[in-house]
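The values are calculated or read from the model by the stated rules, or taken from the named source; none is laboratory data. None of the values given here were measured: they were computed from a predicted structure. Backbone-built Cβ (ideal geometry, glycine too); neighbour counts: all protein chains shown. Just the protein is used for accessible areas: all its heavy atoms, side chains included, with ligands, DNA and RNA removed. Shrake-Rupley method; radii C 1.70, N 1.55, O 1.52, S 1.80 Å.
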There are 2 protein chains.
Amino acid sequence: VIEGEEEVASENLERFLVRNAERCRSDIAVISDTSQFGPDLPAITYGLRGVLTCEVILRGAQQDLHSGVYGGSVANPVNALARIIAALHDDQRRVLIPGFYDDVRPLDVEERRRLSELPFDDSESLRALAWGEVGFTTLERRWVRPTCDVNGIIGGYTGVGPKTIIPARASAKISCRLVPEQNPISVAQALEACLRARCPAGIQLEFVTSSRSSAIVCDTNTPFMRAARIAIRDAFGRDPLLIREGGSIPVVEAFRRLLGLDTLLLGWGQNTDNLHAPNERFLLKDFHRGIRASALFFDAVSNGGTS
Amino acid sequence: VIEGEEEVASENLERFLVRNAERCRSDIAVISDTSQFGPDLPAITYGLRGVLTCEVILRGAQQDLHSGVYGGSVANPVNALARIIAALHDDQRRVLIPGFYDDVRPLDVEERRRLSELPFDDSESLRALAWGEVGFTTLERRWVRPTCDVNGIIGGYTGVGPKTIIPARASAKISCRLVPEQNPISVAQALEACLRARCPAGIQLEFVTSSRSSAIVCDTNTPFMRAARIAIRDAFGRDPLLIREGGSIPVVEAFRRLLGLDTLLLGWGQNTDNLHAPNERFLLKDFHRGIRASALFFDAVSNGGTS
């Protein structure tokens, strides 16, 4: 399967799966859309966070108003949006959407130990940015804890120099990363209710969701997992690490729901490849080793996951 | 004097005044950059708020980061900016910059009564937006109370649909409207200190001010004021109201500081003319009556302000 809509939640692929469930019957799905744990540290990803993306739009006056004439006497959509966003986290960086953590399971002691033993080292530039929910390590914050982030914001005058207006409109794109048992639809409803409850009089609020997908955790002890370990060891010259991933691949959840199919996440890139950013790359070395591992995987599966 | 830089604080006109103080010696300055109080309600404006405009820029990572990979573990400049902006007001809509109100004089009882007697009626559309500092009327909020508003904000992805990034940068244009005795430079320093104090670790903050001007209140009982009343009555067919204005005209303060010159603010437009917004207008009727009043003013002055 080759599709180009993963970044917009693969809705058309889902429709295709519904209509072609019989033709799509398989033993296992394999997706190469995850990363190695680090340079020359190949990995099998057994968990993904889910995601919920939405946009909130606040409207005040019909048009921008002169801030001298009206300033202080009308609600300002940018200030209102800032207050709404600020109230999404407490000082411990926990998310303040009511009910947000209700279905989040406490961290498994054994898994927590395993995560802490991974050879993890923030790069210098990112260590300076380190931040997050109090009581959790960086990997826990990225992989097993849910988040709420603003991905973009715009409102009022954004050109060069000042322009003294009360903006008519402000909007923000907000996304939540979700962990197992959190229901994206429930979280979307809770988020919308929470935004509306905090919207001041004089401001109209519009809320639109786009992507919604659940988190996934896979069994790490199956014949396919064992076959993948063998293939990666042969192609990369070392055993893969078992890791989770903070990102989301909505079609993994759709494969399970619509086809009853498990997915193996065998990815070959690096987190330092500038994902979703200018100058994104894929190292040729990883490209070639990934091709080799993918081919060897078929051999290993045909041997039942025994080397 | 005709100049085109009023909206960017008239800095070149100020330089001109410094170099040509002798040639600019005058009895009075007259500026037509204010409004009538309403349709067919001509007015003389005896007070202006001052203004401080600035921009605050927050920077996190070198570039946008994938919110799946990094979300929850790095500081987000948009979220940080929202928290900083939200903390600029309390729930009573008072400005929370430390020291902001220190030099603000309590409202004069006599003036408060006079303002309450003005024939003021919010239009339907603006009544729905009514908002502001608790304990003050709409006109007081607009004319005699200081404010702090965001005029524009931008950060991260602002195109169509979702993009799950942690933005590298976010910025906001912030302006304060100031009242007599507030020093724009002190307020700018207090605002910068307050923004920096609330900026979280992992985020770099840059602060740039642009316009700065003090509020002005003029004596309403001078021969020039009396002459203006006569001229307006003759041109508009009714006595002008005495009003203040929430906007700022920086050169008024410069005329006083550099030339020792008082200014009469005789303006002919309407607040509903879409000032600083698309489709700004100036009614021909007001244009013609304003020309007539301006001409009659010279007669009235030559008579010493007696009809």
For this session: Determine the shielding of peptide B:82-93 by partner chains: average, over its residues, the number of Cβ atoms on other chains within 10 angstrom of each Cβ.
Result: 5
Seminar exercise, completed: The alpha-carbon center of the stretch A:78-155 and that of the stretch B:125-187 are separated, in whole Å, by 29 Å
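Subtracting the Cα-Cα distance from 0.36 nm times the residue separation, let me have the gained length for B:Asn183 to B:Val134 in nm, one decimal.
Values: separation 49, 0.36 × 49 = 17.64 nm, distance 2.36 nm.
Result: 15.3 nm gained on full extension.
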Seminar exercise, completed: Interface residues of the stretch A:144-161, defined as losing at least 10 Å² of accessible area versus the chain alone with a 1.4 Å probe, are A:Thr147, A:Asp149, A:Val150, A:Asn151, A:Gly152, A:Ile153, A:Ile154, A:Gly155, A:Tyr157, A:Thr158, A:Gly159, A:Gly161
Problem set entry | For the stretch B:191-307, with +1 on Lys and Arg beta carbons and -1 on Asp and Glu, the positive-most of B:Ser210, B:Cys194, B:Val301 along the dipole | B:Val301
Problem set entry | Ascending list, in nanometres, of distances separating the B:Asp102 label from those of the other copies (7 Å, Cα toward Cβ) | 4.9
Exercise. What are the residues of the stretch A:127-141 that lose 50 Å² or more of accessible area, with a 1.4 Å probe, going from their chain alone to all protein chains?
Worked result: A:Leu129, A:Trp131
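Using DSSP, restrict attention to beta bridges with both residues in the protein assembly as shown and report what percent are antiparallel, rounded to the nearest 5. Don't jump to the answer; show the numbers that get you there.
Details: 74 of 92 bridges.
Within the protein assembly as shown, antiparallel bridges account for around 80 percent of the total.
Given R₀ = 35 Å, what would the calculated FRET efficiency be for A:Val160 paired with B:Arg238, taking r from the Cβ atoms and rounding to 0.05? Can you show the working numbers first?
On the way: r = 43 Å, r/R0 = 1.24.
About 0.20, to the nearest 0.05.
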For this session: Among A:Ser73, A:Ser26, A:Ser171, determine the one that fluctuates most according to a GNM of chain A built with springs between C-alpha atoms less than 10 Å apart.
Result: A:Ser73
For this session: Let me know the charge dipole size of the stretch A:28-120 about its Cα centre in debye, to the nearest 20, where only the beta-carbon of Lys, Arg (+1) and Asp, Glu (-1) is charged.
Result: 220 debye
For this session: Check the straight Cα-Cα distances from B:Lys285 and name the aspartates and glutamates below 14 Å, setting aside those fewer than 8 residues away within the same chain.
Result: B:Asp40, B:Asp273
Exercise. Measuring from a point 7 Å out along Cα→Cβ, what nm distances, shortest first, does A:Arg257 have to its partners in the other copies?
Worked result: 6.3
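Can you list the trypsin sites (Lys or Arg not before Pro) in the stretch A:1-56 that are in a DSSP coil and have 14 or fewer other beta carbons within 10 angstrom? Before the final figure, lay out each step's value.
Working: sites: A:Arg15, A:Arg19, A:Arg23, A:Arg25, A:Arg49; in loops: A:Arg23, A:Arg25, A:Arg49.
Filter output for the stretch A:1-56: A:Arg23, A:Arg25.
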For this session: Enter the Cα centre distance for the pair the stretch B:229-307 and the stretch A:252-274, rounded to the nearest angstrom.
Result: 70 Å
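Taking all protein chains in place and a 1.4 Å probe, what share, in percent, of the accessible surface of the protein assembly as shown do carbon and sulfur account for?
Numbers: 13970 of 27890 Å².
Answer for the protein assembly as shown is 50 percent, counting heavy atoms of protein chains only.
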For this session: Tell me what chain B gives for mean residue ellipticity at 222 nm when only DSSP H runs of n ≥ 4 count, each as -39,500 (n - 2.57), the sum divided by the residue total, rounded to 500 deg cm²/dmol.
Result: -9500 deg cm²/dmol
Problem set entry | B:Arg113-B:Asp27 pseudo-label distance in nm [points 7 Å out on the Cα-to-Cβ vector] | 3.4 nm
Exercise. For chain B, modelled as a GNM with alpha-carbon contacts under 10 angstrom, which of B:Ser213, B:Ser248, B:Ser294 fluctuates the most?
Worked result: B:Ser294
Exercise. Among B:Pro250, B:Pro162, B:Pro180, which one moves the most in a GNM of chain B with springs linking Cα atoms closer than 10 Å?
Worked result: B:Pro162
For this session: State, to one decimal in nm, how far the label point of B:Gln62 lies from the label point of A:Arg19, with both points 7 Å from Cα in the Cβ direction.
Result: 4.6 nm
Exercise. Under the definition of partner shielding as Cβ atoms of other protein chains within 10 Å of a residue Cβ, what is the mean value for peptide B:18-30?
Worked result: 0
Seminar exercise, completed: Rounded to the nearest 10 Å², the 1.4 Å probe accessible area of A:Tyr101 is 40 Å²
Problem set entry | Accessible surface, the protein assembly as shown, averaged per residue in Å² (probe 1.4 Å) | 45 Å²
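Rounded to the nearest 100 Å², what is the buried accessible area between B and A, both sides summed, probe 1.4 Å?
Details: alone 17080 and 17100 Å², together 27890 Å².
Chain pair B/A: roughly 6300 Å² of buried accessible area.
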For this session: State, to one decimal in nm and shortest first, how far the label point of B:Leu283 sits from each corresponding label point in the other identical copies (label point: 7 angstrom along Cα-to-Cβ).
Result: 7.2
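Return the average number of partner chain Cβ atoms within 10 angstrom of each residue Cβ along peptide A:106-112. Can you show the working numbers first?
On the way: counts 0, 0, 0, 0, 0, 0, 0.
Mean shielding by partner chains, rounded to a whole number: 0.
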